[in-house]
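See structure below.
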Amino acid sequence: MSAVHASAPHGAVENNALPVNIGEAARLSGISARMVRHYEGLGLLGEVHRTESGYRQYTPADVHTLRFIKRSREMGFSMERVAELVDLWHNRRRTSSSVKRIAQSHLEELERRIAAMQGMQRTLAHLVHCCQGDQRPDCPILDDLARIS
């Protein structure tokens, strides 16, 4: 899962092009410093420059990539898929069909998960409706949960 480090693939993040420390990169991207380090460790940022004393220095392009990662995660993409998307985003020779394939696969998975959750919702709503919720020990919710498939 390694991303190619590119200089501002889709425009600069901030007007000033000076590198920023990890705290500022986290603030600008909207993710925690811990997650910035995690994404860097996964290779999603490419090689991040360090000062002579070892402090990380993030460019506007790095911050933009962090925002891209954050948005991808908000859309529910797995880290493996995020890595693929970052690589494609930085690759100007990509085909949109490659990106669409990843998005289509994720969409289908979301649809399966939503259908499963809607099934759980219907079942639970029925069980809640059937439960008297009184002082007696009989409970169709517990009976259903204890049922052996």
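The values are calculated or read from the model by the stated rules, or taken from the named source; none is laboratory data. In this text the structure is predicted, and so the values were computed from the model without any measurement. With ideal geometry, Cβ positions are generated from the backbone for all residues, glycine too; neighbour counts draw on all protein chains shown. These accessible areas exclude ligands, DNA and RNA; they are computed on the full protein's heavy atoms, side chains included. Shrake-Rupley method; radii C 1.70, N 1.55, O 1.52, S 1.80 Å.
Of note:
- Restricting the range 121-149 to residues that are among the acidic types (D, E) and in a helix (DSSP H, G or I), the residue that is surrounded by the fewest Cβ atoms within 10 Å (Cβ to Cβ) is D143.
- Filter result for S97 (closer than 30 Å to R112 by Cβ and either open to solvent by 50 Å² or more (accessible area, probe 1.4 Å) or modelled with pLDDT under 95 (or both)): yes
- Selection count, the range 41-80, where residues are in a helix (DSSP H, G or I) and open to solvent by 30 Å² or more (accessible area, probe 1.4 Å): 10
- The condition of being among the acidic types (D, E), surrounded by fewer than 16 Cβ atoms within 10 Å (Cβ to Cβ) and within 30 Å of G43 (Cβ to Cβ) does not hold for E84.
- Hits in the range 28-60 - residues which are touching a residue at least 12 places away in the same chain (Cβ under 8 Å), farther than 14 Å from L18 by Cα and over 17 Å from the mean Cα position of the chain (by Cα): G46, E47, Y55
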